Each structure stands twice: as structure tokens, then as C-alpha cells.
Amino acid sequence: MKTFYLFLLLLVCFIGYAQPNCDEANAYLVNAYSHVKDAYDSNNISHLKYYADRSLKSFKLSKNTLGDCGCDKALTLANKSIDLLAKVDGVTTYEDGRFFVKQARELSKESVIEIDKCSVAEYTEPIETQAEVSILSDLEKEQLKLKQQQEALKQKEEEIKAKLAEQQEQELSLKKKQLIQSYKNAIALNVKTYNSTLDICNCKHEVLTVNSSTETLETESLEAIKNHFNHAIKTLASNYMAQLELCETR
């Protein structure tokens, strides 16, 4: 009889062990779906490729645990999504990229649904062995209940982490946009002031301008953005001083 109790306890532990694998895979798939939605909602090819790459990385991470989880449908959908998103980096137009992203978005949504089904199946599996579990002592039942609660908490923790990571990305993106706009406003004011000064001095000068293309800057770090604009400001100032010197020699 003791051997039978031990077998039942090991069976329950084995069932519980599989759940975190599906929980972890679930978190990665939810993150991948969030990124591919951002890619689809992007209004330029640079942002589309950036979020498509983030989604691709999350899908690849999910494969490490999907195999152990045993959710074959979710794994198949993840592989199809990976194949589609891997093509995005090589496209040259926004429309072509969005074509692949749209398909990946639909498959990603289905993969999240499938992993949820697998997670529900795992958590309901102990109910199927309720007759055997009832033989366990009160202490063993309490231990099983505690383990299930811990697993549910872990899943919730992963969901919160994913949401926090997404929120942090959004906050960083907003900081980059604000920094870029502040620099652009300052440079535009300098250009206007420099050109007005040269006009007042009656210099026959070339109109000072600055390349204002910032399409890919939002994918760079804050430090890289600052370096880019600081260089632009120095170049503008040098051109202005050169025009003043030419004015004085005329």
C-alpha cells in the first residue's frame, strides 16, 4: 500500500512539473503576439521591421519550452509564424513587410489560443485522477493544493512581467520621440536665426539647412540619438561661421 501511495504522489508531482513549461511558453507567445500587433500597427517600414524582429525572437524563445509542454498545435503555429517573420527583414517596401506581418499576426493569435487550451488541460488533469488522489492523506492533499496555487501564481507573475516589459518599451519609445522632437525644434530655431543674421549682414550666402531625416533614429539608443543631433548642431554652427568669414572678406 505504501508503494501505491508513493506512485500516486510521484504521478501528481509529474503532472505539476509540466505546467510551468506551458506557463513559460504561454508568456513568450503572448509577448510575441503583442510585438507582431505593434508591427502591424506601425506606420513605417523601420518600426515594422523592429517589432517584427522582437516578435520573431519571442517565438524562438517559446520553442524551447513548447516541446516539453506537449502543445503540438501551438508549436506548429509558432514555427509558421517564425518562417513568415524571418522574411520581413529582407523586404524593401512597407507593403511587402506588412503582408508577412499580417499573416504572422493571425497565426500568433491562434498559437496563444492553443497554448491556453493546453494550459487549461494541464490544470484540469488532476481532476481526472480525483479517485486516486482521494486516497492520499490530508497532508498530501494540502501539499497538492499548495503546489497548484503556486503554479497559478507563477503564471500570473509571468503575465505581469510581460505587461511591465511592454510598458517599459512604450515609455522608452515615448522618451525617444520627445528627445528627437526637442532637438529638431532647437535646430530649426538655430537655422532660422543663422540665416536671418546672414541676411542682416547683407551676405550673399547659401541658405543654411540641416538634413531632418529621423526615420530610423527611434530604433537607436538615447545616447546614439543625442550624438547624432549634437554632430548635426556642430556641423550647422561650422557652416554658419564659414559663411560669416566669407562675408567679411567680400
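Values computed for the structure shown
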{"item": "Dipole moment magnitude, nearest 20 debye, the range 177-249 about Cα centre, only Lys, Arg, Asp, Glu C-beta charged", "result": "160"}
{"item": "Sorted by Cβ neighbour density within 10 Å, fewest at the top, the residues ASP72, ASP83", "result": "ASP72, ASP83"}
{"item": "Across LYS49/LYS177; LYS192/LYS226; LYS73/LYS161; LYS156/LYS176; LYS37/LYS226; LYS87/LYS226, pairs whose alpha-carbon gap is larger than 27 Å", "result": "LYS156/LYS176; LYS37/LYS226; LYS87/LYS226"}
{"item": "Charge tally in the Cβ shell below 14 Å around VAL207, where Lys, Arg are +1 and Asp, Glu are -1, VAL207 excluded", "result": "0"}
{"item": "Chain lengthening between THR93 and GLU223 when straightened (0.36 nm per residue, less Cα-Cα)", "result": "43.9 nm"}
{"item": "Loop GluC sites (Glu not before Pro), the range 165-250 (other Cβ atoms within 10 Å of the site Cβ: 15 or fewer; DSSP)", "result": "GLU206, GLU215, GLU220"}
{"item": "Estimated FRET transfer efficiency when R0 is 45 angstrom, pair LYS156-LEU244 (beta carbons, to 0.05)", "result": "0.10"}
{"item": "Taking LEU107, LEU246 and counting other C-beta atoms within 10 Å, the order from fewest to most", "result": "LEU246, LEU107"}
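Values quoted throughout were computed directly from the atomic coordinates according to the rules given, and no laboratory measurement underlies them. Since the structure is predicted, the reported quantities are computational estimates derived from the model, not experimental observations. Because the Cβ atoms are built from the backbone with ideal geometry, glycine has one as well, and the counts that use them run over all protein chains shown.
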